[in-house]
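Undergrad: Dumping the structure here so I can ask a few things about it.
The values are calculated or read from the model by the stated rules, or taken from the named source; none is laboratory data. Worth saying up front: this structure is predicted, and the values here are computed from it rather than measured. Cβ placement follows ideal geometry from the backbone for every residue including glycine, while neighbour counts extend to all protein chains displayed.
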Amino acid sequence: MIGAQSNRVGLGSNRKVQDADILKSFIRQDENDKYKIHVMNLEMQNECLDIGDFCIPLALKWRTLIHDWSPALLKFYLNAFQMTLPDQSNLVRWGKSTEKKLAISVERQLELLNICWWDVSLSVARVQKEITTNERSVGFVREGTRATKSNVKPYSILKAASDWTIMMDTYEKQYKIPEDICASASRPDIFLFSRILKRVVMIELTVPWETNIPKDHTIKVNKYYELTNELTRNRFVVDLYAVEVGARGITAKSLYNLLKDLSLSRTHINSFLERTSKAALVGSFQIWLGRERSLDSGGERITRVS
């Protein structure tokens, strides 16, 4: 029914937007602006305003808080974002300690995390396995009309060929780019190639402090500049994806763009971003718990998040 009521407020309760509603929206916007100004004046907690342009906000769900995250992990996440973790610099600032020298800073410890590329590789493998899968959706067809087929197909890097080969390092072995493709010692985190298409996809993952994402993105792109040129001279089309996942679980938009170009469904993208975010956060939490141990003394290997 055209114009029918669709909410639960009761029949005849719909009303048009009044001037009072417009005034309330302006008041709410003014209050939000005041909060932003307050945050900007904070010395340590203002970085949340800097990461919004290149990061995807972490969508916390009740299911995540109740079933997926432990109370200790949630406490670590909240303190990490508010810069209130009891690290050595904060203890000195709070007058709880006089020792200012650190063996290694917390921020540097978090940047050492590099385990999420396992999940990236699993995502690529899933796409390669589903290349021949035809996902269909049921659309609405008005009575008396015929369904029309859409000619617009989502862009996909991998679906143009079926001979893709995935190469990446493992704990036991390091891969090497085949010499018939390129004679180079460089090894991006994930290297895909198709000899039929003469195309290469390189994926490089970084897990930095969130405010360092733009800088580290540029560093990784420049790192593989020569390799990209060499592959181009060998008549390969090159796609380089420098993707980032923040050490506190905030994913960069570069990772979303990669998953979208791999033609993953929205459901798979959201699920993957959630898994990757948790993997980074759990890894950072484990590093935080072991912050008193020397990095040169070895230790347990951080395991992947299932």
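Undergrad: Kindly indicate whether any position in region 235-257 is farther than 20 Å from L158 by Cα and in contact with a Lys or Arg (Cβ under 9 Å, 6 or more places away or on another chain).
TA: yes
Undergrad: Among residues belonging to region 246-271 that are of a type in the set (A, V, I, L, M) and in a helix (DSSP H, G or I), point out the one that is nearest to T211 (Cα to Cα).
TA: Ranking the qualifying residues of region 246-271, first place goes to L255.
Undergrad: Another one. Of the numbered conditions (1) outside any loop (DSSP other than H, G, I, E, B); (2) over 14 Å from the mean Cα position of the chain (by Cα), E292 fails exactly one; give the number of that condition.
TA: Looking at each condition in turn, E292 falls short on (1).
Undergrad: Related question: Tell me yes or no: at least one residue of region 203-210 is at pLDDT below 90 and assigned to a helix (DSSP H, G or I).
TA: Within region 203-210 (the criterion being at pLDDT below 90 and assigned to a helix (DSSP H, G or I)), the answer is yes, since at least one residue qualifies.
Undergrad: From the list S271, S277, S265, exactly one residue is among the hydroxyl-bearing types (S, T, Y), out of contact with any helix residue (DSSP H, G or I) (no Cβ under 6 Å at 6 or more places or on another chain) and more than 27 Å from S70 (Cβ to Cβ). Which is it?
TA: Criteria check complete, one pass: S265.
Undergrad: Would a scan of region 6-19 turn up a residue that is farther than 30 Å from L281 by Cβ, at pLDDT below 75, surrounded by 11 or more Cβ atoms within 10 Å (Cβ to Cβ) and over 28 Å from the mean Cα position of the chain (by Cα)? Write out each step before concluding.
TA: Filtering region 6-19 down to residues farther than 30 Å from L281 by Cβ leaves 6-19.
Those left that are additionally at pLDDT below 75: 6-19.
Keeping just the survivors that are surrounded by 11 or more Cβ atoms within 10 Å (Cβ to Cβ) gives 14.
Adding the requirement that they be over 28 Å from the mean Cα position of the chain (by Cα) leaves 14.
Checked against the condition, which is being farther than 30 Å from L281 by Cβ, at pLDDT below 75, surrounded by 11 or more Cβ atoms within 10 Å (Cβ to Cβ) and over 28 Å from the mean Cα position of the chain (by Cα), region 6-19 yields at least one hit.
Undergrad: Tally time: how many residues in region 154-170 are of a type in the set (A, V, I, L, M, F, W, C) and either modelled with pLDDT under 90 or not assigned by TED's automatic domain parsing to the domain that holds Y241 (or both)?
TA: Counting residues in region 154-170 that are of a type in the set (A, V, I, L, M, F, W, C) and either modelled with pLDDT under 90 or not assigned by TED's automatic domain parsing to the domain that holds Y241 (or both) gives 4.
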